[in-house]
1. Keeping to the range 71-116, report how many residues are closer than 23 Å to SER132 by Cα and β-branched (Val, Ile, Thr).
2. Filter the range 154-202 for residues that are within 17 Å of VAL248 (Cβ to Cβ) and of a type in the set (Asp, Glu) and give the result.
3. Hey, any hits in the range 285-308 for a residue that's polar (S, T, N, Q) and under 17 Å from ASN55 (Cα atoms)?
4. Residue check: is THR241 surrounded by 20 or more Cβ atoms within 10 Å (Cβ to Cβ) and over 23 Å from the mean Cα position of the chain (by Cα)?
5. Determine whether ILE194 is buried (at least 17 other Cβ atoms within 10 Å of the Cβ), outside any loop (DSSP other than H, G, I, E, B) and either of a type in the set (A, V, I, L, M) or within 21 Å of the chain's Cα centre (by Cα) (or both).
6. What strands (runs of 3 or more DSSP E) lie completely within the range 251-353 and have 2 or more residues being charged (D, E, K, R) and surrounded by 14 or more Cβ atoms within 10 Å (Cβ to Cβ)?
Amino acid sequence: MDILSSFLASFFVLYSLVISLPLTYGQLVPAMFIFGDSVVDVGNNNQLATIIKANFPPYGRDFFNHRPTGRFTNGKLATDFVAEALSFTSYQPAYLSRQARGRNLLIGANFASASSGYLDATANLYHTVPLSRQLNNYKEYQGRVVGILGAANATSLFSSGIYLISAGSSDFVQNYYVNPLLHNTYTPEQFTNILMQNYEKFIEDLYGLGARRIGVTALPPIGCLPAAITLFGSGNDECVTRLNHDAVSFNTKLNSTSQRLQNRLSDLKLVVLDIYQPLYDIVTNPTQHGFSEARRGCCGTGLVETSILCNPFSSPTCTNASEYVFWDSFHPSEAANQILSDGLINAGLGLIS
């Protein structure tokens with residue numbers, strides 16, 4: 001090999017290493033992919049013809065530049081803190097946004113849509129993106145990344161990335177409990193079984209697309225959400241026991257279903273991330289965690305306001321949101337999200353080992 005040929009060969013080897021650096025340098029994993037509902041939506045609903053949005057003040061008042069992004073809180077989501085802990089220098093873009101282009105896609109993407117769930121009908125009620133369509137968007141994403149990296153490098157990215165799923169709360173609170181066609185037809189246990197069938201298929205489909213490291217959040221104590229207490233608490237200011245019982249039952253089946261999936265699908269790491277107990281502990285013992293208010297959200301009365309009801313024209317906000325467990329009547333504040341993210345990170349350590 002002559003000197004010129006040797007130089008060119010060395011150059012192309014070095015160039016190949018350099019262009020791969022954005023996939024590996026600094027980050028504990030190359031990419032993160034997020035699916036689910038309003039707890040993790042970072043702006044996909046901004047692009048939809050739905051009233052379920054958070055792209056206006058006072059949402060985002062404590063976020064960077066104090067601007068709303070579509071996150072259903074005053075600042076960062078738990079998944080934002082997780083991304084920071086994994087050493088990402090920017091957050092995974094909302095897939096439907098303009099930011100989800102080119103090499104921005106190489107750190108993963110966020111496909112979540114507020115008011116979606118394991119049941120497609122839940123999202124359809126609110127004209128948002130159900131998990132089945134989120135999965136179709138992910139397939140489209142994969143094609144775009146293959147076009148950037150080539151098939152081999154893209155496949156490595158997909159299999160090495162972490163997948164996070166947050167769903168189920170909307171299926172109960174925004175569909176089952178308020179929809180007589182459902183709660184008069186199915187018991188909570190029967191409805192949970194339907195959701196489990198959809199969850200199992202979603203994991204199988206995601207696995208078939210190359211996912212190998214998946215974390216799924218359990219249901220939170222939905223009976224402790226301020227709106228749930230207002231709507232279903234019969235005038236009582238305490239957490240609604242029957243709703244929390246449904247969440248515990250769901251979580252038990254989620255754990256057993258996940259274990260069966262992991263046993264059946266080779267090389268799959270599937271971790272259930274407990275949200276229930278940490279949030280329940282915060283709500284029932286707020287002062288021990290640095291909060292002064294756990295019954296009301298920071299926005300408006302804090303009893304019913306969320307999305308368009310939490311707005312700058314009719315809903316003043318509290319002075320210090322860090323003292324509130326909830327930002328609006330459904331969603332945790334940034335301060336609560338930070339505490340919850342600590343639990344997610346600890347529980348999910350097995351996904352990055």
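1. 2
2. Listed by number, the residues that qualify are ASP171, GLU189.
3. There is at least one residue in the range 285-308 that is polar (S, T, N, Q) and under 17 Å from ASN55 (Cα atoms).
4. no
5. The answer is no for ILE194.
6. 293-297
Residues checked against (1) more than 30 Å from ILE222 (Cβ to Cβ); (2) in contact with a Gly (Cβ under 6 Å, 6 or more places away or on another chain); (3) part of a helix (DSSP H, G or I):
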{"position": "GLY143", "(1), (2), (3)": "yes, no, yes"}
{"position": "ASN153", "(1), (2), (3)": "yes, no, yes"}
{"position": "SER159", "(1), (2), (3)": "yes, yes, yes"}
{"position": "TYR163", "(1), (2), (3)": "no, no, no"}
{"position": "LEU182", "(1), (2), (3)": "no, no, yes"}
{"position": "ASN198", "(1), (2), (3)": "no, no, yes"}
{"position": "LEU206", "(1), (2), (3)": "no, no, yes"}
{"position": "ALA211", "(1), (2), (3)": "no, no, no"}
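Okay, residues lined up against (1) buried (at least 22 other Cβ atoms within 10 Å of the Cβ); (2) touching a Phe, Trp or Tyr at 6+ places or on another chain (Cβ under 6 Å); (3) of a type in the set (A, V, I, L, M, F, W, C); (4) at pLDDT 95 or above:
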{"position": "GLN174", "(1), (2), (3), (4)": "yes, no, no, yes"}
{"position": "LEU181", "(1), (2), (3), (4)": "no, no, yes, yes"}
{"position": "GLU200", "(1), (2), (3), (4)": "no, no, no, yes"}
{"position": "GLY235", "(1), (2), (3), (4)": "no, no, no, no"}
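The values are calculated or read from the model by the stated rules, or taken from the named source; none is laboratory data. Not measured: the values here are computed from a predicted model. Glycine also receives a Cβ, built like all others from the backbone with ideal geometry; neighbour counts cover every protein chain displayed.
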